[in-house]
1. Does Val58 fit the bill of being more than 15 Å from the chain's Cα centre (by Cα) and touching a residue at least 24 places away in the same chain (Cβ under 8 Å)?
2. Against the conditions (1) under 22 Å from Gln117 (Cα atoms); (2) assigned to a helix (DSSP H, G or I), where does Gln65 fall short? Just the number, please.
3. Within the stretch 31-47, can you find the residues that are of a type in the set (Phe, Trp, Tyr) and surrounded by fewer than 18 Cβ atoms within 10 Å (Cβ to Cβ)?
4. Please specify each residue of the stretch 82-106 satisfying the condition of being without any contact (Cβ under 8 Å) to a residue 40 or more places away in the chain and under 12 Å from Arg2 (Cα atoms).
5. Consider Ala40 carefully, then state whether it is among the small types (Gly, Ala, Ser), free of Cβ contacts under 8 Å to residues at least 24 places away in the same chain, closer than 17 Å to Leu4 by Cβ and touching a Phe, Trp or Tyr at 6+ places or on another chain (Cβ under 6 Å).
6. Take Val9 and tell me if it is exposed (fewer than 14 other Cβ atoms within 10 Å of the Cβ) and either under 14 Å from the mean Cα position of the chain (by Cα) or closer than 22 Å to Arg121 by Cβ (or both).
7. Just to verify a result, which residue in the stretch 48-70, among those that are touching a helix residue (DSSP H, G or I) at 6+ places or on another chain (Cβ under 9 Å) and polar (S, T, N, Q), is surrounded by the fewest Cβ atoms within 10 Å (Cβ to Cβ)?
8. If the requirement is being within 15 Å of Val9 (Cα to Cα) and either touching a residue at least 40 places away in the same chain (Cβ under 8 Å) or among the hydroxyl-bearing types (Ser, Thr, Tyr) (or both), which of these qualifies: Val35, Val126, Val113, Val75?
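Where a number appears in this text, it was derived from the coordinates with a stated rule and is not lab data. Everything numeric here is computed off the predicted structure, so don't read it as measured data. Cβ placement follows ideal geometry from the backbone for every residue including glycine, while neighbour counts extend to all protein chains displayed.
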Amino acid sequence: MRLLLDSHVLLWLSLMPDRLSDDARAIIADPDTEVVASAATFWEFSIKQKEGKLDVKVDFDVLLQRTIEEGDIDVIDITPRHGIFAGQLPVIHGDPFDRILIAQAILEDCTLVTRDQNIMRYAVPVLRA
């Protein structure tokens with residue numbers, strides 16, 4: 001199984017793992033599970049922190065380094081194909097960061113780990129966080 005972590009899930013996994021469901025934690029920890037995060041997540045963190053919409057005291061450069069080196073989580077880049085696909089999705093969810101994650105999950109054959117109810121309205125495989 002290949003999992004793409006929604007932004008809030010990556011934060012929870014790093015800072016507050018007890019917020020995740022037991023099932024999600026177990027599947028993420030399974031050595032047979034490939035876990036990825038999106039470059040868009042770090043872009044979102046940076047923007048939301050600067051705007052005061054993300055009230056966590058985290059150095060996202062450190063989080064990125066820890067994610068890659070210690071967390072055994074790969075980071076996938078945003079490609080033009082992802083952007084085009086995200087733009088063609090039905091406008092159920094207005095958040096462009098979530099729309100790119102949905103596109104990446106679909107195109108990269110990932111299950112998206114999230115608690116976002118709007119994401120669950122798309123035809124994307126979801127694991128409830």
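1. yes
2. The failed condition is (1).
3. Within the stretch 31-47, Trp43 is the sole residue that qualifies.
4. Correct list: Ile106 only.
5. The answer is no for Ala40.
6. No: the conditions fail for Val9.
7. In this case the residue turns out to be Gln49.
8. Testing whether each residue is within 15 Å of Val9 (Cα to Cα) and either touching a residue at least 40 places away in the same chain (Cβ under 8 Å) or among the hydroxyl-bearing types (Ser, Thr, Tyr) (or both) leaves just Val113.
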